[in-house]
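Single-structure report; data block below.
FYI, it's all coordinate maths here, none of it is from the lab. Given the structure is predicted, the values throughout are model-derived calculations rather than measurements. In this analysis, Cβ positions are derived from the backbone assuming ideal geometry, glycine residues included, and neighbour counts consider all displayed protein chains.
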Amino acid sequence: MPPARTLTKMDQSLKTRNQIHGKALRSLKRIQDALDLNSTVARVRTELGTLDAQIRKIDDWQNEYIDRMEMDPEYNEVTWKAELVDLEAWMKTWTDKYKEQVKKAVAYIKECPDVDVANAQSASGPPISQSSGSSGEATSIDGLGDTLAQLTLATTAQRPPAVQVPVYDGNPKNFTFFFTLFDELVAKVCPNQRVKLAQLLCYVKGPALEAIYHAMSYPAESCYDKAIEILKTRFGNKTEIARIALQDLYDGPICVTSSELNTFVEELDNTKRQVAATVYANALNSHEAIDKLLIRLPSNVQDRWTKVARKHKKAKHTYPDLDNFQQFLIELAEELGDHMYGIDSTLRRATLTRERVVGKKHSTLPPVSL
C-alpha cells in the first residue's frame, strides 16, 4: 500500500469552497439585518435567493473535490476515510448554521403584515401565504433549495397571471362575462382584499369606476367584498341583464348565411339562460316573441316557417313553441351549411356561372362554321 500523501497546502477546490462560504456568511448576516429592520418581502427573498446559489456552489466544489480525490491513486483508504469524516463534519456544521436562519426568514415571509405586502408586490409579487415544507426539517444541503422552490411555486400561484381581462365600462349586458373572468383569473390569486380591490380598480372605467373608487376607505378585511356588492347592485341585476339581452336578441341583424344562423341560435340559447328565473322567462317563450324573432330571417325563410307552424297546428292543435322554433333554426343552419348544396356552395356556383356568361359575351373569336 502506498504511503499516505501529506497535504502541504489546501486544495484549490476547497479554497474556492471556503471563499464562497465567506460570502454566504455575509448573506446570512444581511438576512438577519433584514429581519431585524422589518424589511420588505422582496429584500428577504432576494437575500434567500443569493444564499441558495452560494450554498449550491459550496456543495458543488466540495463534491468536486471528493470525486477527484477518490480517483487519486496516491490516497490510501485509511487516510481518505479520515479526511472524508472531516469534510462531512464541516458540511454538517455549515448546514446547521444556515438552516436556523432560513427557518426564521421563511416564517417572516409567511407572517408578513399586509402593509409589507403592498410595498413588496411590485418587486416580487404577493407574499407567501403558505408553504408545503418547513426549512427546519431539511436534513441535506438541498434543504434551502427545496424551500425556495416551494416559495417560488406559491408566489407564482398567487401572482395575477398575464391575461387579457376586458375593462368593464358599466354596461349591465357585459357584467356577468367580466365578473366571471376577473374572479377566476385575477381575484382568486390575490392574497388579500386590498390587493383584489387594487386590481379591480385597474379593470373598470366610466360609471363602474365612479361607483367603487371610494371603496378603499372601507376596512381592509372587507373593502373588495363591498366593491363587488356595489357593482352587483348597480350593474349586475339579473332582471335588467335579462331585459337588455332580450332586446338585443330582437333587434339583431337579419341572418342569411349558415354562419349567421348558427350565431342566431347561440344568441337565442344564451338569452334563454339569462332570462330564466326572471320576469322575462315567459315573455321569451311566447308566440309574440317568435313573431319578433322571425323579423331577423329572410322572407323566404319566414314563409317556410309559416308552413311548418301550420302543419304543426294541424297535427297537434297548437302552435309550435320556442323550442320548436329553435330546432327549426338549427336544421335550417345545417341545411344552408351543407358542403355540396348549402347556400354557400350555391352562391359559389352562381358566381362562377355569371363569370362564364360575361366572359362568353366579351369573346372576340369568330364563329365556327360546321
Cβ-based charge dipole, region 206-268, positive-most Cα from 247, 209, 222: 222
Give me the net charge for the shell around residue 170: Cβ to Cβ below 9 angstrom, other residues only, Lys and Arg +1, Asp and Glu -1. 0
Along region 167-174, what does the Karplus equation 6.51 cos²θ - 1.76 cosθ + 1.60 (θ = phi - 60°) give for ³J(HN,Hα), rounded to whole Hz, x for Gly and Pro? 6, 8, 9, x, 6, x, 4, 9
Taking residue 110 as the anchor, which lysines have their alpha carbon closer than 29 Å to its alpha carbon, excluding any fewer than eight residues away along the same chain? 23, 29, 57, 92, 97, 99, 188, 196, 226
Full-extension gain in nm, residue 60 to residue 341, via 0.36 nm per residue minus C-alpha separation: 94.0 nm
Restrict the search to region 168-210; then list the trypsin sites (Lys or Arg not before Pro) that DSSP places in a loop and that have at most 15 other Cβ atoms within 10 Å of their Cβ. 205
Work through the residues other than residue 207 whose Cβ is under 12 Å from its Cβ and net out their charges, Lys, Arg +1 and Asp, Glu -1. 0
Work out the FRET efficiency for residue 72 and residue 19 from their Cβ-Cβ distance, taking R0 = 25 Å, and round it to the nearest 0.05. 0.65
Environment charge at residue 322 (Cβ cut-off 12 Å; Lys +1, Arg +1, Asp -1, Glu -1): -3
Using modelled backbone amide H atoms (1.01 Å from N, in-plane), which distant-in-sequence or interchain residues come within less than 5 Å of residue 204's amide H? 168
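How much length would be gained if the chain were fully extended between residue 79 and residue 250, taking 0.36 nm per residue of separation minus their Cα-Cα distance, in nm to one decimal?
Extending this stretch completely gives an extra 52.3 nm.
Run through region 29-88 and list the GluC sites (Glu not before Pro) located in a DSSP loop whose Cβ has at most 12 other Cβ atoms within 10 Å.
Loop-located and lightly packed - 74.
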